[in-house]
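Presented below is the structure to which this report refers.
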Amino acid sequence: MDQPNVISGNYKNFIFIGEAGSGKSEVAINAARYLYGNKGKPVDFFDMDMTKPLFRSRDVCRQLMASGITVHFEEQFMDAPTLASGVRRLMRSPDSYVVMDVGGDYIGARSIGGFSKEVNREDSFIGYVVNAFRPWSDSLDHIDRILGEILGVSHIRLQNIHIICNPNIGPDTNEEDIIRGFKQTVELITPYKEIEYLCVKEELYERLKPKVSVPVVPIRLYLTYPWADEKIWQV
């Protein structure tokens with residue numbers, strides 16, 4: 001697998017935010033797996049999701065930990081918000097990478113508001129995942145509103161945001177879907193912000209890499225098939 005553009009920098013903290021259903025949990029899991037396998041330091045993965053979407057990183061906690069990644073999250077009782085401990089300490093520590101999967105929209109983004117100093121550090125990468133096929137990412141007005149709400153409660157600085165394009169409509173997403181979603185995102189975003197990279201299913205990576213104008217990152221799906229054979233974790 002090629003080295004993702006984002007991982008090649010001098011970042012130690014990776015924070016992934018975005019609308020619920022944008023695919024940020026898959027992006028975060030893949031980033032954590034890559035860091036652990038290629039960068040030579042421990043990885044602490046924080047599932048900060050407090051909004052209870054259908055799929056959460058903690059749903060594959062056992063597999064992540066079996067891969068060598070330390071997973072941090074707190075169980076929830078009904079809708080009571082809880083937050084894993086150790087966030088600030090580990091974000092400041094030079095001894096490990098931190099990957100944070102932050103819950104959907106502004107409700108989930110509140111979970112990192114108290115860590116704004118660490119989140120906005122120069123060695124923190126903040127990825128805003130945009131999926132053109134989600135209801136609130138299909139127009140600039142929608143993106144601007146959702147992003148503005150997230151920034152307001154998380155205290156993230158707009159200039160620190162990196163746009164990650166992740167056009168998918170589920171496991172059956174094909175090459176044409178990705179090209180269409182990518183072009184739509186480019187038209188909406190690039191007059192105001194550059195796209196950092198495009199995420200594609202790994203089986204489409206080689207075909208799509210030469211067809212787009214930004215770095216392409218292959219993504220393996222871990223949350224789409226909760227009943228799938230666990231052999232995917234053995235590679």
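Worth a mention:
- Qualifying residue in segment 184-194 (condition: among the aliphatic types (A, V, I, L, M) and under 16 Å from the mean Cα position of the chain (by Cα)): no
- For segment 200-210, residues that are acidic (Asp, Glu) and within 15 Å of residue 27 (Cα to Cα) total 1.
- Test: residue in segment 114-131 that is over 13 Å from residue 15 (Cα atoms), of a type in the set (A, V, I, L, M, F, W, C), surrounded by fewer than 23 Cβ atoms within 10 Å (Cβ to Cβ) and touching a residue at least 12 places away in the same chain (Cβ under 8 Å): no
- Summed over segment 143-160, the residues that are buried (at least 18 other Cβ atoms within 10 Å of the Cβ) and modelled with pLDDT of 90 or more give a count of 1.
- Considering only residues in segment 161-180 that are among the hydrophobic types (A, V, I, L, M, F, W, C) and either surrounded by fewer than 14 Cβ atoms within 10 Å (Cβ to Cβ) or free of Cβ contacts under 8 Å to residues at least 60 places away in the same chain (or both), the one that is farthest from residue 105 (Cα to Cα) turns out to be 179.
- Qualifying residues in segment 13-28 (those that are among the charged types (D, E, K, R) and touching an Asp or Glu at 6+ places or on another chain (Cβ under 8 Å)) - the one nearest to residue 154 (Cα to Cα): 19
- The lone criterion from (1) touching a Ser or Thr at 6+ places or on another chain (Cβ under 9 Å); (2) within 26 Å of residue 13 (Cα to Cα); (3) at pLDDT below 90 left unmet by residue 200 is number (3).
- Criterion applied to 140, 147, 198, 188 was being in contact (Cβ under 8 Å) with a residue 12 or more places away in the chain, aliphatic (A, V, I, L, M) and touching a strand residue (DSSP E or B) at 6+ places or on another chain (Cβ under 6 Å), and the one residue passing it is 198.
The values are calculated or read from the model by the stated rules, or taken from the named source; none is laboratory data. Remember, it's a predicted structure, so these values are computed and weren't measured experimentally. As a convention, Cβ positions derive from the backbone with ideal geometry for all residues, glycine included, and neighbour counts pool all protein chains shown.
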